[in-house]
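Asker: This is the structure I have questions about; it appears just below.
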Amino acid sequence: MASNLIHYEQPINEKMRTLLRLEFLFANARVMIDGATPWTSRAALLTVLDIQSILARTDIKTDMLKELERLSSLLDTWSQRPGVDGEKLGMLLDRIDLLIDRLHSISGPLCNELKQNELLNAVRQRASIPGGACDFDMPSYHFWLSQPRERRIFDLRSWIATVQVVDDVTNLVLSLVRDSSPTTQEIASNGFFQQTLDPNQPYQMVRVSVAADCPFYAEISGGKHRFSVRFLTLKLTERDTPTLESVPFGLTCCAL
């Protein structure tokens, strides 16, 4: 079962790197936003700032629109294939069209509203200094953190809501990519596995799935032509060491 597996993912291109980082940040924000203490509110706000930093790139919205349009065109060709669930495919295409419309409705960078928030701007300027956002440095931030939990949650949810479309696009694209290819069962002999990728296939991500009780972790490296998987033992007080044992794992070379 999926709950008994640990998944290690390696993006093949910059687009996937960005989406995986955004997925990580939005997931972290969802957990921290409803936290009961000012410390979790601090963590949530810093995550919002990380999201803002990524979305400040002017090419993010264009890249997302291009990817949605590419997927829409690709999925539309699938409607002619035998055995395809036309109703389900139609709903997916409608969802993509809705996301495209939502992105088009935003003028300027995706993080425009966040950039206009003076509290966020002040915290961002101080966040690069170790301890720079402590109480005596930022009394306004200290005041906000001292507000009731409900007020802090309301504000944090409001800030995240301004970029919710990014979370929705990220979830949709990554879900389609992860489900795009079958998983094969492989063996890493002496803890090492290598494979060449077909350059004619639109590979997006390599996914390694390992049993949760496996004593090793997977380190994936490579690019669009080939990749390797090495299994290592975590050693906290010294350098991690590659294992020489044979390790079974699931491999998904996601191409879409």
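Asker: In square angstrom, what is the accessible area per residue of the stretch 209-251 with a 1.4 angstrom probe?
Answerer: 62
Asker: Quick one: pull the percent of accessible area on the stretch 212-256 belonging to carbon and sulfur, 1.4 Å probe, ligands and nucleic acids left out.
Answerer: Within the stretch 212-256, the accessible surface is 52 percent carbon and sulfur.
Asker: Follow-up question, since we're still on this one. For a quick check of understanding: with a 1.4 angstrom probe and all protein chains in place, what accessible area in square angstrom does Leu172 have, to the nearest ten?
Answerer: For Leu172, solvent-accessible area is about 10 Å².
Asker: Just the number, please: Stokes-Einstein D of the chain in µm²/s, Kirkwood Rh from C-alpha pairs, 10 °C, 1.306 mPa s.
Answerer: It comes out at roughly 76 µm²/s.
Asker: Also, quick follow-up: When the chain is fully extended, how far beyond the present Cα-Cα distance does Ala161 get from Thr241, taking 0.36 nm per residue of separation?
Answerer: Taking Ala161 through Thr241 to full extension adds about 24.4 nm, to one decimal.
Asker: Select from Met138, Met64, Met16 the residue whose mean-square fluctuation is largest in a Gaussian network model of the chain (Cα-Cα springs shorter than 10 Å).
Answerer: With Cα springs under 10 Å in the chain, the top fluctuation among Met138, Met64, Met16 is at Met138.
Asker: Give the average over all directions of the projected area of the C-alpha convex hull of the stretch 62-152, one decimal, in nm².
Answerer: Its Cα hull, projected and averaged over all orientations, spans 9.7 nm².
Asker: Which order do Asp50, Asp167, Asp59, Asp179 take by accessible area at a 1.4 Å probe, largest first?
Answerer: Asp179, Asp50, Asp59, Asp167
Asker: Let me ask another. Given a 1.4 Å probe and every protein chain left where it sits, what share in percent of the accessible area of the stretch 1-158 is carbon and sulfur?
Answerer: For the stretch 1-158, the apolar C and S fraction of the accessible surface comes to 57 percent.
Asker: A further question on this structure: Count of lysine pairs in the chain with Cα atoms under 28 Å apart, counting only pairs 8 or more residues apart in sequence or on different chains?
Answerer: 11
Asker: How large is the helix-only mean residue ellipticity at 222 nm for the chain, computed as the sum of -39500 (n - 2.57) over DSSP H runs with n ≥ 4, divided by its residue count, in deg cm²/dmol to the nearest 500?
Answerer: After summing the helix terms and dividing by the residues of the chain, the value is -16000 deg cm²/dmol.
Asker: With just the Cα atoms of the stretch 137-256, tell me how far they stretch along each of the three principal axes, in Å, largest first.
Answerer: Per principal axis, max minus min of the Cα coordinates gives 57, 42, 25 Å.
Asker: Over the stretch 55-138, with the other protein chains present, what is the accessible area per residue in square angstrom, probe 1.4 angstrom?
Answerer: 63
The values are calculated or read from the model by the stated rules, or taken from the named source; none is laboratory data. Bear in mind the structure is a predicted one, so any value in this text is a computation, not a measurement. These accessible areas exclude ligands, DNA and RNA; they are computed on the full protein's heavy atoms, side chains included. Shrake-Rupley method; radii C 1.70, N 1.55, O 1.52, S 1.80 Å.
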